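Worksheet for the structure shown next.
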Amino acid sequence: MALEFKLPDVGEGTTEGEIVRWLVNVGDTVQLDQPMIEVETDKAVVELPAPKAGVILARFGDAGQTVPVGTTLVIIGNPNEKPPTARAEEVLLAAVSAAPQDPTVGADHTQGVQAAPATRRLAREAGLDLSKIIGTGPRGRIVPEDVRRAMTAVTESVPPSIPDATTEPDRTQVIFKGIRKKTAEHMALSWQKIPHVTVVEKLDASHLVAFRGELKAVATTKGMANLTYLPILSKIVAVALKEYPWFNARWDGEQLFQYRAVHMGIAVDTSEGLVVPVLRDAHDRGILDLARHLAELVGRARERKLSPEELTGSTITITGGGSLGGLFATPIINYPEVAIIGMYPMVTEGVRVHGNWEERPMLHISLTFDHRIADGVLASRFLGAIKALLLDPIGMLAYLR
């Protein structure tokens with residue numbers, strides 16, 4: 001029996017995706033889990049696999065087209081099987097009529113406009129009235145191509161503007177899209193919903209530097225190019241969470257859930273904006289295992305090749321300034337989590353040691369937490385536990401199984 005494959009929700013909060021490239025054609029035979037199409041979301045470019053083996057009986061959509069979650073993309077069936085007719089509400093793609101009409105000369109539809117949310121947003125951003133556009137989709141539905149043609153027609157019909165005293169030629173409108181748009185929405189949501197409080201600690205990182213140096217030598221013998229402080233901090237945080245599980249939690253609506261497993265979100269800077277891949281089961285992994293997996297995640301994040309599973313389900317997040325400078329920051333929580341750890345660049349300072357001044361590498365770390373789930377005392381204790389392990393990383397051995 002033929003199966004309609006629809007665009008799934010490939011990430012938390014994903015509502016639509018842009019078709020990047022088709023990997024199959026109508027008539028092709030596909031195997032289970034064979035990649036069929038590349039779709040770009042606001043987080044990554046993902047390959048969607050075939051949910052069953054069979055023949056591609058029909059496919060819908062062109063490269064560059066944005067479609068909502070739930071849109072039928074492919075119909076898979078048996079050879080010589082006739083594809084079923086997909087419902088118009090499910091196939092929101094252009095079915096241009098043999099004699100297309102000018103989309104800018106439509107009558108006013110007093111009974112309402114048939115258009116998907118993505119199409120409505122496209123028209124709204126372009127300043128177009130959907131009721132003035134005639135749809136060429138199924139049952140007269142307005143599809144993105146109709147809006148784009150209307151935009152082109154409006155552009156061609158408007159004569160070049162003549163600057164006057166009220167124009168501002170030195171400014172350009174900034175359009176948020178993709179990861180940057182999603183990040184802006186996510187940060188605003190987090191700030192609106194969560195009462196943020198930040199506590200900061202400063203520590204002598206001499207033992208941490210030495211620990212990393214020794215571990216880096218071991219990593220080199222195992223073929224690892226580099227070992228950063230991030231996997232070390234990830235393991236330390238996972239260990240500290242055993243004693244302070246309140247901070248390994250996520251909101252689901254109005255309910256809060258604590259997690260036994262630690263799935264560490266790692267903030268990664270990419271050319272498209274900030275992405276947060278997830279280090280799964282950090283509580284059960286060794287530092288070198290975390291480092292190897294982290295390097296793979298960072299590489300795929302910067303290539304926008306992360307899978308949906310690698311972008312969802314984090315229970316706490318770590319961010320850092322790296323080599324960018326800045327003493328410390330007050331990062332915004334990665335909602336719906338309840339806490340985010342910040343690790344910042346080390347600075348050399350003079351420290352009084354046994355009556356003498358010595359130069360030591362000093363490190364700032366921060367904990368921003370949801371004040372609804374914890375008070376400042378508990379948060380300071382949790383950050384203090386992390387600080388203690390950073391001061392003496394060998395102390396982690398007491399907690400490892």
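Values in this text are rule-based calculations from the coordinates and carry no lab data. If you're wondering where the values come from, they're calculated on a predicted model, not measured in any experiment. Please note: Cβ atoms are built from the backbone with ideal geometry, for glycine as well, and neighbour counts cover all protein chains shown.
Is the C-alpha gyration tensor of the stretch 283-358 telling us rounded, prolate or oblate? Criteria: a/c under 1.5 is rounded; beyond that, a/b larger than b/c is prolate, otherwise oblate. Because a/c hits 1.5 or more and a/b exceeds b/c, the stretch 283-358 counts as prolate. Extension gain for H207 to E254 (0.36 nm times residue separation, less C-alpha to C-alpha distance): 12.7 nm. Taking a ≥ b ≥ c as the square roots of the eigenvalues of the alpha carbon gyration tensor, the stretch 197-323 is oblate, as a/c is not under 1.5 and a/b does not beat b/c.
Exceeding 32 Å between C-alpha atoms, which entries from my cross-link table qualify? They are K52/K132; K222/K387; K193/K216; K52/K222.
Working: K52/K132 42 Å; K222/K387 29 Å; K193/K216 41 Å; K52/K222 40 Å.
Distance filter (> 32 Å) returns K52/K132; K193/K216; K52/K222.
Using per-residue counts of other Cβ atoms within 10 Å, averaged over each peptide, order 361-367, 239-245, 25-31 from highest down.
Values: 361-367: 20.9, 239-245: 18.3, 25-31: 12.3.
Highest mean packing first, the order is 361-367, 239-245, 25-31.
Near the amide H of Q114, within less than 5 Å, lie the amide hydrogens of I142, all on another chain or at least 5 residues away, with H placed in the peptide plane. Would you please give the FRET efficiency between Q173 and T152, computed as 1/(1 + (r/R0)^6) with r the Cβ-Cβ distance and R0 = 25 Å, to the nearest 0.05? Result of the calculation: an efficiency of 0.85. Highest mean packing comes first when the peptides 75-81, 187-193 are listed by Cβ atoms within 10 Å, giving 75-81, 187-193. In this rough spin-label picture, where each label sits 7 Å from Cα along the Cβ direction, the L32-N80 distance is 2.5 nm. Reducing the stretch 324-401 and the stretch 179-194 to their Cα centroids gives an inter-centroid distance of 25 Å.
Could you pull out the GluC sites (Glu not before Pro) across the stretch 286-375 that fall in loop regions by DSSP (anything but H, G, I, E, B) with no more than 16 other Cβ atoms inside 10 Å?
On the way: sites: E296, E303, E309, E310, E337, E349, E358, E359; in loops: E303.
For GluC sites (Glu not before Pro) across the stretch 286-375 that sit outside H, G, I, E and B with at most 16 neighbouring Cβ atoms in 10 Å, the list reads E303.
How much net charge surrounds I37 when only other residues with a Cβ under 9 Å from its Cβ are counted (Lys, Arg +1; Asp, Glu -1)? In short, 0.
Give me the extension gain from V197 to W357: residue separation times 0.36 nm, minus the current Cα-Cα distance, reported in nm with one decimal.
Working: separation 160, 0.36 × 160 = 57.60 nm, distance 3.44 nm.
Additional length available on full extension: 54.2 nm.
Across the stretch 179-398, C-alpha contacts under 8 Å between residues 6 or more apart give a mean separation that, scaled by the residue count, equals a relative contact order of 29 percent.
Among rounded, prolate and oblate, which fits the stretch 3-77 when a ≥ b ≥ c are the square roots of the eigenvalues of its C-alpha gyration tensor, a/c under 1.5 means rounded, and a/b larger than b/c means prolate? Write down the numbers at each step before the final one.
Working: a/c = 1.84, a/b = 1.68, b/c = 1.09.
Note, shape of the stretch 3-77 comes out prolate.
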